[in-house]
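The values are calculated or read from the model by the stated rules, or taken from the named source; none is laboratory data. As the structure is a prediction and not an experimental result, all values here were calculated from the model. Because the Cβ atoms are built from the backbone with ideal geometry, glycine has one as well, and the counts that use them run over all protein chains shown. For accessibility, only protein heavy atoms count, side chains too; no ligands or nucleic acids. Shrake-Rupley method; radii C 1.70, N 1.55, O 1.52, S 1.80 Å.
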Amino acid sequence: MTRSTLRIAFLFPLLCAGVLCAALPAGPGVAAPGAVTPAMREKVIIDTDIGDDIDDAFALAAALNDQHLDILGVAAAWGDTGLRVRQLQRLLAIAGRADVPVTQGPATPNTTPYTQKRWAEGQPVPAAPVPSSVDFILDQARRYPGQVTLISLAPPSTLGALIDRDPAGFAKLKRVVMMGGSVYAGYDDTGYGPLKGPTPEYNIYSDIGSARKLFASGVPLVVMPLDSTRLKLDEVKRDLLFAAGTPMTDALALMYHQWRHLNGWGQITPTLFDLVPVAYVLDPRLCPTTPLRLVVGDKGETTPAPGPANAQVCLKEDKEGILDLLMTGLLARQ
Ligand SMILES: [Ca+2]
């Protein structure tokens, strides 16, 4: 599936609204030209620490908006996973996707502020028990061997628990596509001046043990490090989104303002790190990869080393292409 075919598939129903398609054959079991068939949809599970930084919310909005993803489940990871479950359930309901299972990963200590706490608390405590992420992901990997992409947008604590529980089951995943690491560029690099060099990245240094297990697991691993994920959602784009007045853009606006008020580091412009893995799954050309062997150091560094590659790593993204995916997707629903 290329980006152009994605777009054609997306635009076709709009074109078909007129008489243009009146003569096309249709019937049970016959997919209309341009329609998204089940075989064209990528099975994904998204593991997310939504609620602290704001990028997870935008990444999920982009994923939920795209009919080319078959989202089997969304898993709450890291920190207060019980509250994250409620935030995810609220977001899914707003997206019209309350049918998507939300699962709960192991709770962990977490010193990062839960900036969107009030928004998350707007969703009642679940009346029924929430499935365990570890059980759910292993079940899906075994049900669809070699077909499920796990999109990892959080410290990899749930992934470490999966590997501990059942490495053979974990190996049935098609791949893990993750935001994490820092290879040649770090948080202080702008992409314009000389490189200041890598810095330990949050997801990796938060759970170094799980990251090491993941890099050694043998499951195909696609890594989007800081080198390719420092996308800024500037004021012009925020205004366009927040003025759109759809249920999803309204939700993003509320979560953004809570994040902006409470993030504790004075940030106004979000960096959409987690959007990049989602965009890659939709169109790999937006973030071309290079095979590398990355070694996770004691401070969470991800350093290239000689030897066989253990990851496909995107070092340079198509910034405008990825932001275009987000903006056109969300604004098409106005
Ligand atoms: Ca995240």
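Structure summary
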read-out: Part-to-part distance (alpha-carbon centres) for segment 58-113 and segment 291-311, which is given in Å; value: 29
read-out: The chain - share of DSSP beta bridges that are antiparallel (%, nearest 5); value: 25
read-out: Residue-normalised accessible area of the chain, expressed per residue, 1.4 Å probe, Å²; value: 43
read-out: Three-way shape call for segment 25-130 based on the alpha-carbon gyration tensor, with the a/c threshold at 1.5; value: prolate
read-out: Accessible carbon and sulfur surface of segment 196-283 relative to its total accessible area, %, 1.4 Å; value: 58
read-out: Theoretical FRET efficiency, 1/(1+(r/R0)^6), r = Cβ-Cβ of ASP250 and ALA127, R0 25 Å, to 0.05; value: 0.45
read-out: DSSP-defined beta bridges in segment 192-334 - what % are antiparallel, rounded to 5; value: 80
read-out: Value of [θ]222 nm, deg cm²/dmol, for the chain, DSSP H segments ≥ 4, -39500 (n - 2.57) each, nearest 500; value: -10500 deg cm²/dmol
read-out: Number of Lys pairs (Cα under 19 Å; 8 or more positions apart or on different chains) in the chain; value: 11
read-out: Largest to smallest principal axis extent of the C-alpha atoms in the chain, angstrom; value: 64, 49, 44
read-out: Chymotrypsin sites (Phe, Trp or Tyr not before Pro) restricted to DSSP loop in segment 264-304 with at most 14 other C-beta within 10 Å; value: TRP265
read-out: Charge dipole (debye, nearest 20) of segment 100-205; +1 at Cβ of Lys and Arg, -1 at Cβ of Asp and Glu; value: 280
read-out: Burial order of peptide ranges 190-198, 56-64 (average beta-carbon count within 10 Å, highest first); value: 56-64, 190-198
